[in-house]
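Each remark here refers to the structure printed beneath this line.
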Amino acid sequence: MIIFDLDGTLADCEHRRHFVDPNKNWEINHKWIDLGTGATHLGIALGNGEYRLWQPEWKSFYEACDKDGIIIPCVDTFRLLSRKYECQIWSGRCESVKEKTVQWLYECWPNFMSKEMYAQIIKMRSIGDNTPDADLKEMWLHDAVILEGKKIDFVFDSDPESIKMWRRRGIFVFNCCQHDEEF
């Protein structure tokens with residue numbers, strides 16, 4: 001079985017990263033504020049000279065998924081490999097947007113699979129689950145290998161922490177990461 005990550009691997013989600021990454025949010029005036037504890041925290045300007053703590057907006061991040069572009073080299077690889085091998089999409093995206101996600105997949109590649117087939121090959125985080133992506137995928141890996149008897153041939157992923165996890169588990173991973181950081 002071959003596993004593909006979704007956000008950052010098949011789906012170009014840069015347009016919505018500002019919801020979860022304060023360094024990507026150029027539209028909001030933010031600064032480091034001292035809460036009197038000696039530690040500084042990132043704050044967002046409220047417009048009246050006051051700041052509130054910045055927090056990621058995961059719901060907004062997930063809801064904007066239907067506006068994603070595609071990452072053509074990874075999508076072409078997925079289409080090619082899934083003709084011969086069992087391929088699954090393992091996404092840290094929340095199940096609350098599963099219908100949107102399946103629709104997006106179908107609209108991107110309408111003549112490739114039915115909506116029902118896309119719905120069957122995608123694994124998404126449960127609503128309310130805040131487990132980090134790498135830990136979530138490691139749990140899914142355990143279930144796939146131990147409980148279902150699957151063999152993972154290789155993985156395509158873009159998350160640095162997930163890539164480290166796959167490698168630590170001895171699984172060959174194609175690094176689809178477009179980030180500037182090295183790890």
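How do 86, 63 line up, fewest other C-beta atoms within 10 Å first?
By the 10 Å Cβ count, ascending, the order reads 86, 63.
For residue 142 and residue 119 in one chain, what is 0.36 nm times their gap in residues minus the Cα-Cα distance, to one decimal in nm?
Stretched fully, the residue 142-residue 119 segment lengthens by 6.2 nm.
May I ask you to compute the full-extension gain from residue 130 to residue 103, defined as 0.36 nm times their residue separation minus their alpha-carbon distance, rounded to one decimal in nm?
In short, 7.3 nm is gained.
Can you tell me how the range 58-183 classifies by the Cα gyration tensor, rounded, prolate or oblate, using a/c under 1.5 as the rounded cut?
rounded
Once fully extended, how much extra length lies between residue 151 and residue 66, figured as 0.36 nm per residue of separation less the alpha-carbon to alpha-carbon distance?
Net length gain for the segment: 27.5 nm.
Excluding residues fewer than 8 places away in the same chain, name every one of the lysines whose C-alpha is closer than 27 Å to that of residue 59.
24, 31, 67, 98, 100, 115, 123, 137, 164
Residue 87's amide H: which non-local residues (gap 5+, or another chain) put their own amide H closer than 5 Å, with H modeled 1.01 Å from N in plane and none for Pro or chain starts?
Excluding prolines and chain starts, which carry no amide H, the hits are 2.
Where a number appears in this text, it was derived from the coordinates with a stated rule and is not lab data. Keep in mind that this is a model prediction, so the values were computed, not measured. Positions of Cβ are generated from backbone atoms using ideal geometry, with glycine treated the same way; all protein chains shown enter the neighbour counts.
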